[in-house]
Amino acid sequence: MSHSPHRLAHPWSRLCAFLATAGLMAAALVFAPAASASSDGLLDLTCTVPSSEATTYNPPLTLTPQDVTFSSTVQYGPCVSLSHPEITSGSRSLQVLIPDRSCLTLLEAGVVTFTITWNTGQTSTISGSRTATVVGAALVVTVTGNVTSGVFAGDSVVQTSIGPATDILACTLGLGTVDSVYSTITLEITSL
């Protein structure tokens with residue numbers, strides 16, 4: 001009988017364990033690429049966890065394509081930069097109506113462009129390619145590209161987002177919907 005409360009708490013325990021694992025995976029992604037990037041160029045800016053992205057879909061994504069309002073808020077920080085030590089954080093947000101979206105399109109590759117506004121008021125516009133994969137129970141989204149204008153112009157960029165894939169996997173099987181995704185982010189900008 002004393003085990004009943006533990007069964008009720010079990011999903012929360014699994015969620016906590018998943019978030020801890022995702023945090024460790026994110027930390028590994030932060031430090032592993034930095035060593036390899038150093039041979040190609042100088043790692044000029046790093047933003048680490050708790051950098052995050054909160055994304056919502058209205059109406060929630062299903063297997064059936066539909067017009068969806070996509071809203072995203074990204075917070076970068078703490079950030080450390082060698083060439084611009086005054087940059088310690090940044091942010092970006094977007095709200096746009098996207099036609100023909102379903103939970104299956106979350107895993108599609110594509111081209112992205114976004115602008116980060118730093119705590120100094122300066123901006124960096126980044127253009128690159130986006131890939132998304134499910135690794136175990138995690139959705140891993142990677143953007144690789146370049147800073148096309150603003151601070152760090154001409155530098156290369158790698159951004160990695162890690163979030164839970166449970167709702168996405170259920171949706172792709174027709175067993176649920178996706179109304180939001182919360183991911184932790186690491187961002188590296190490397191001078192060439």
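For the pair Gln122 and Leu169, the difference between a 0.36 nm per residue extended length and the Cα-Cα distance amounts to 13.1 nm.
Roughly how many Å² is the accessible area per residue of the stretch 112-185, as a whole number, for a 1.4 Å probe?
Here the per-residue accessible area is 40 Å².
The share of accessible area on the stretch 123-184 that comes from carbon and sulfur is 59 percent, using a 1.4 angstrom probe. Taking all protein chains together and a 1.4 Å probe, the residues Tyr57, Tyr182 rank Tyr182, Tyr57 from largest to smallest accessible area. Net charge near Gly145: determine it from the other residues with C-beta under 13 Å of the C-beta of Gly145, scoring Lys and Arg +1 and Asp and Glu -1. Net charge around Gly145: -1. Consider a paramagnetic label point 7 Å from the Cα of Phe70 along Cα→Cβ; state which residues of the stretch 126-148 have an amide N under 15 Å from it. Label zone hits: 127-133, 141-144.
Show log10 I(q)/I(0) for the stretch 33-127 at q = 0.17, 0.23 Å⁻¹, two decimals, from a solvent-free Debye sum over equal Cα scatterers. Values returned for q = 0.17, 0.23 Å⁻¹ are -0.88, -1.19.
The values are calculated or read from the model by the stated rules, or taken from the named source; none is laboratory data. This is a predicted model, so every value here is computed, not measured. Please note: Cβ atoms are built from the backbone with ideal geometry, for glycine as well, and neighbour counts cover all protein chains shown. SASA here: full protein model, heavy atoms, side chains in, ligands and nucleic acids out. Shrake-Rupley method; radii C 1.70, N 1.55, O 1.52, S 1.80 Å.
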